[in-house]
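To keep things clear, I will list the structure first and then write my remarks on it.
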Amino acid sequence: MKLTVAQATIRFLANQYSERDGRRHRLIAGCFGIFGHGNVAGLGQALRQAELDGDPGMTYYQCRNEQAMVHTAVAYARMTARMSTFACTTSIGPGATNLVTGAALATVNRLPVLLLPGDIFATRVANPVLQELEDSRSYDVSVNDTLRPVSRFWDRINRPEQLPAALLAAMRVLTDPAETGAVTLAMPQDVQAEAYDWPDELFTERTWYVPRPVPEPAALARAAQALLGARRPLIVAGGGVTHSDANDELASFARRTGIPVAETQAGRGALPHDHPCAVGPIGVTGSTAANALAAEADVVLGIGTRYADFTTASRSLFAEPSVRFVNLNVAAFDAAKLGAVSLVADAREGLRALDAALPRWQVSEERRKLAATLTRRWDDAVDEARRPGPGPLTQSQLIGAVNDAANPVDVVVCAAGSMPGDLHKLWRPASPRQYHVEYGYSCMGYEIAGGLGVKLAQPDAEVFVLVGDGSYLMMAQELVTAVAEGLKLVVVLVDNGGYASIGALSEQVGGARFGTVYRYRDPASGRFDGQPLPVDLAANAASLGADVLTADTLDEVRAALVKARAAATTTVVHVRTELGGPGSPDNDTWWDVPVAAVSTTPDGPPARQRYVERKATQRGHWSGL
Ligand SMILES: Cc1ncc(C[n+]2csc(CCOP(=O)(O)OP(=O)(O)O)c2C)c(N)n1
Ligand SMILES: [Mg+2]
């Protein structure tokens, strides 16, 4: 079959399917793209051709920023349990390098996305082409090489003959639960348009069976042995639980054994909020219940977690001197962390096997009671923070209001700023994918673009995007895509005139909120402490085609959310809150952010002193069992 390289790529992608548990999905649900000279005549032409040819075809979606389209693809992949994602085509040069941040986010979070950046001519005849970065040491380097370290598979198609093997390798990595992340096939612009005689078999339907690796019997025996000896066990549930659809198995394992279950950011919602063993979020942004149980745990069963510093409070949280870890993870890399007994397996298979291997094992009644009491205490603190009060609207109240407005199928999306921490503490997830906070890369700008991916995956859900003014200013442009595609979002824009999160952190480290407020430069002081800026984000959102509602009080927020729900079009609820307003309930944890060892500012030395004291509580967790 004579097709261009670009046409062959699109035709191949349209015929790829994923399957797990007997359920089949289009692996590549469509293609996002922004065209330039690096892809307009190649992949651009091929997408148009596919649209005209139909069946199975490949829907093209126009976006406004290449980084954003990766976010959208990744959010979609997360909502589909990584069974389906999108391809992203870009021009060469800046269009391609705009992918780097999105690719890193995908790879950090182990979420599949296929990147197809245009590349400079393979023939090199008229180099340098527009937007080419030349390297005096090698003609073989292009800006696309920046995507290598952030991709789980990377290749450059310099000749048509190279394409089939590269496409197959790309699909394998996208559907590998341990390896998945960003996959890049760099497509030189001349090669994209070149024709070649392809074997028909390249384009027959192909199914990629997403594996559920079962635990090795000896490893299972070691894990069971370690758990049998535990008196004060704790489960740490990470994102892998929900990626594996292991939520029911986790719920029944916990219910039967009575082990308390704490949740990381990616794992939040692994159990329903009202499960008797759910002790809430863990770590720097965790509940006092989960953190108290972590502090005295003797065996920690980590399931599908990377043990990021926010989860371990920079390795100060698990304070029991003899604490040991058992890690159930599909990735051997994560299973081996913290000197653990490693149980490499799919989360669902691993939980079933553990359940069968520990038929009579249960935690004591006393432990169950303690967990329940601690959890009730934390729940009261959350209720208190969310309750209406006499003062100005707080972020905690706002989060409570959005939570109250969300049905179990609805989704809340967030990524950076002060809200992810507050959401982790205050949001009560009603279903496993309701809580969609991207905290692996915590990337400002993910929110609206990610919301689009959620909505594409779950059109019947109301998608509540919580975005700070800082994040909004970084990437508001995908509101235009939402409007163009009729993908309705409810965007709650929390405008506090700067960086509440980094401002608070700055204060803790003796930085006095330097550079974290949006203000005029004061001509007298020469600093950013002048008058508030005249920036009108509500007008900005309206100018991008969204309906805008403003709300300043809790009642107004609630009314606006009702209206936004009822609306047919993307609606931005613009809410002003105070920078440095009352925070969410405290939990006395520590996050390792090194403080200047010498400084002459008044707040510097005390901050350093506090840092040195907390630093002493940090542990390596190197020893095995
Ligand atoms: C792309 C990117 N740049 C920088 C950061 C570091 N950072 C984390 S939160 C934050 C400020 C966020 O401000 P805003 O969205 O207004 O949220 P707020 O802190 O006010 O809640 C910054 C700069 C980041 N996470 N992502
Ligand atoms: Mg802000």
- Length gain on complete extension for the stretch Glu320 to Val598, per 0.36 nm per residue less the alpha carbon to alpha carbon distance? 96.8 nm
- Item | Semi-axis lengths (Å, descending) of the ellipsoid that matches the C-alpha gyration tensor of segment 1-125 | 23, 19, 11
- Considering Cα pairs under 8 angstrom that are at least six residues apart, work out the relative contact order of segment 234-355 and quote it in whole percent. 26
- Where a ≥ b ≥ c are the square roots of the eigenvalues of the C-alpha gyration tensor, would you call segment 345-387 rounded, which needs a/c under 1.5, or, failing that, prolate if a/b is larger than b/c, or oblate? oblate
- Message: In Å and on Cα atoms, what radius of gyration and Dmax does the chain show?
- Response: 25.2, 76
- Message: Based on alpha-carbon centroids, what's the gap between segment 293-348 and segment 577-625 in Å, whole number please?
- Response: 22
- Query: Per residue, how many Å² of accessible area does segment 176-265 show with a 1.4 Å probe?
  - Reply: 37
- Carbon and sulfur atoms account, in whole percent of the 1.4 Å probe accessible area of segment 50-150, for 50
- Of every hundred units of 1.4 Å-probe accessible area on segment 401-450, the number belonging to carbon and sulfur atoms, as a percent, is 51
- Query: Looking only at Cα atoms, what is the convex hull volume of segment 123-164 per residue, in Å³?
  - Reply: 95
- Heavy-atom accessible area of Glu556, protein chains in place, probe 1.4 angstrom, given in Å² to nearest 10, is 80
- Note on the structure: Within segment 121-217, DSSP-loop GluC sites (Glu not before Pro) with at most 10 other C-beta atoms within 10 Å are Glu205
- Query: Largest first, what is the accessible-area ranking of Ile303, Ile120 with a 1.4 Å probe?
  - Reply: Ile120, Ile303
- Item | Cα→Cβ-extended label distance, 7 Å offset, between Glu507 and Arg527, nm | 1.5
- Message: What do you get for chymotrypsin sites (Phe, Trp or Tyr not before Pro) in segment 437-531 restricted to DSSP loop and a cutoff of at most 15 other Cβ within 10 Å of the site's Cβ?
- Response: Phe514, Tyr520
- Residues of segment 1-34 with amide N under 11 Å of a point placed 7 Å along Cα→Cβ from Asp197: 1-2
- Message: Using +1 at the C-beta of Lys and Arg and -1 at the C-beta of Asp and Glu, which of Ala385, Val492, Cys63 has the Cα lying farthest in the positive direction of the dipole of the chain?
- Response: Ala385
- Query: Hey, how many Å between the Cα centroid of segment 119-156 and the Cα centroid of segment 30-62?
  - Reply: 23
- Message: For a protection proxy built on the mean count of beta-carbon atoms within 10 angstrom, sort 361-367, 263-269 highest first, please.
- Response: 263-269, 361-367
- Query: Averaged over all directions, how much area does the convex hull of the C-alpha atoms of segment 343-468 cover when projected, in nm²?
  - Reply: 10.7
- Based on DSSP H runs of at least 4 residues, each adding -39500 (n - 2.57), what is the mean residue ellipticity at 222 nm of the chain after dividing by all its residues, to the nearest 500 deg cm²/dmol? -10500 deg cm²/dmol
- Note on the structure: Of 395-404, 543-552, ordering from highest average Cβ density within 10 Å down gives 395-404, 543-552
- Note on the structure: Ranked output for segments 287-295, 611-619 by mean other Cβ atoms within 10 Å, highest leading, reads 287-295, 611-619
- Please report, in debye to the nearest 20, how large the charge dipole of segment 184-311 is about its Cα centre when each Lys and Arg carries +1 at its beta carbon and each Asp and Glu carries -1 there. 1020
- Along the principal axes of its C-alpha atoms, what lengths does segment 447-537 span, in descending order and rounded to whole Å? 52, 28, 14
- Cβ charges +1 (Lys, Arg) and -1 (Asp, Glu), total dipole of the chain, debye: 1400
- Task: Mind checking which of Ala297, Tyr209, Leu220 is farthest towards the positive end of segment 203-310's charge dipole, using Cβ charges of +1 (Lys, Arg) and -1 (Asp, Glu) about the Cα centre?
- Result: Leu220
- So what is the relative contact order for the chain, in percent, with contacts set as C-alpha pairs under 8 Å and at least six apart? 13
- Given backbone amide H placed at 1.01 Å from N, residues whose amide H is under 5 Å from that of Glu216, ignoring those fewer than 5 places away on the same chain, are Val344
- Query: Can you tell which of Trp427, Thr184, Ala106 lies farthest toward the positive end of the dipole of the chain, using +1 and -1 charges on the Cβ of basic and acidic side chains (Lys, Arg; Asp, Glu)?
  - Reply: Trp427
- Query: Roughly speaking, what is the centre-to-centre gap between segment 355-374 and segment 165-229 when only Cα atoms are used, to the nearest Å?
  - Reply: 38
- Given a 1.4 Å probe and every protein chain left where it sits, what share in percent of the accessible area of segment 501-604 is carbon and sulfur? 57
- Message: Please compute the length gained on full extension between Gln162 and Gln225, using 0.36 nm multiplied by the number of residues separating them and subtracting their Cα-Cα distance.
- Response: 17.8 nm
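The values are calculated or read from the model by the stated rules, or taken from the named source; none is laboratory data. Quick caveat: nothing in here was measured; it's all calculated off a predicted structure. FYI the Cβ positions are ideal-geometry reconstructions off the backbone, even for glycines, and counts take in every protein chain you see. What goes into the accessible areas is simple: the full protein's heavy atoms, side chains included, and nothing from ligands, DNA or RNA. Shrake-Rupley method; radii C 1.70, N 1.55, O 1.52, S 1.80 Å.
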